[in-house]
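Note sheet for the following structure.
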Amino acid sequence: MASIGYVELERGLVSVAGADRQMFLQGLISQDVDRISAAHAAYGALLTPQGKYLHDFCIAEIGDRLILDGEAGRIDELISRMARFKLRAKVDLAPADDFTVFAVIGQDATSTLDLPDEAGAARRLGDGIAFVDPRSADLGCRLILPTADAPAILAELTLPETTFAEYDRARIRLGIPDGVRDMDVEKSILLECNFDTLNGIDWDKGCYIGQEVTARTKYRGLIKRRLVPVSVGGSTPASGTAILAGDQKVGEIRSIHDGLAIASLRLDALENARKGDQLTAAGATISPLSPESGD
């Protein structure tokens, strides 16, 4: 992983406030909201009733609000979808435009922020929050800080600034999807997108939208493809390029950066590739990597 540094992420934030905020979100998303506190952040998703992907987000508690850290440009749509289920719940949904999100990457990210090396571990930082990325501690930490206070807080931490490219490369090596860059709205299902290994599903919580289909997919072993990190040899194919085994399409390139990509691959093709079969995409050689190490 790159040496330690911080980078501002272009994210959209939703504030979920009000007396019923926990109960409201608990019935909507794939994560157990009761586990979220000032000391623990989490990762989850909002699905269609058919169990298809709509939105994913990190979730943190700041004061008397739950903050959803989602994709920039899709926040109004996320609020609109959630608002359909408010009914008489005492909950207020609004953009949290007063906060900014940063990633802190590098081997010493957790210790520098006085956090344990445990996905989701969190602590207050000024009037914001610092937490270990709830999807994987190997991706470092996240900061959600009041925009006005962020420069002073970052200066006090004495962290150097890095680039989004470094963060994106680390994410891709770990096989962590980045919203619609890697997942298809109203088409992708969570287990195809690694939510089971990225702490994005609580299998023991009660009902939520799409829960029945998600559970059935797991227990019946219905997964036929996965998002996996791959190395790309040769000319760089564009996102969306078909991956071929011989002349048969077995997958597709999703987000890609500097010789690394996330690919949606059929499981049979993935197994065959790890046994030596060659995969290509627009003439480039595609080789599956281990998401744990990137090797």
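At a glance:
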quantity	calculated
Filtered residue count, region 59-68, keeping only those that are surrounded by fewer than 23 Cβ atoms within 10 Å (Cβ to Cβ) and in contact with a Gly (Cβ under 8 Å, 6 or more places away or on another chain)	1
Number of the exception - residue 111 against (1) more than 23 Å from residue 34 (Cβ to Cβ); (2) polar (S, T, N, Q); (3) touching a residue at least 60 places away in the same chain (Cβ under 8 Å)	(3)
Strands (runs of 3 or more DSSP E) fully within region 58-167 counting 1 or more residues that are under 24 Å from residue 183 (Cα atoms)	65-71, 92-95, 99-105, 128-132, 141-146
Residue in region 77-85 that is touching a residue at least 24 places away in the same chain (Cβ under 8 Å), assigned by TED's automatic domain parsing to the domain that holds residue 16 and in contact with a Lys or Arg (Cβ under 9 Å, 6 or more places away or on another chain) present	no
Residue count, region 174-184 (criterion: among the hydrophobic types (A, V, I, L, M, F, W, C), touching a helix residue (DSSP H, G or I) at 6+ places or on another chain (Cβ under 9 Å) and under 16 Å from residue 46 (Cβ atoms))	1
Filter result for residue 34 (within 28 Å of residue 116 (Cβ to Cβ) and in a helix (DSSP H, G or I))	yes
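The values are calculated or read from the model by the stated rules, or taken from the named source; none is laboratory data. On a predicted model such as this, the values are computed, not experimentally measured, just so you know. Note that we place each Cβ from the backbone using ideal geometry, even for glycine, and neighbour counts take in every protein chain shown.
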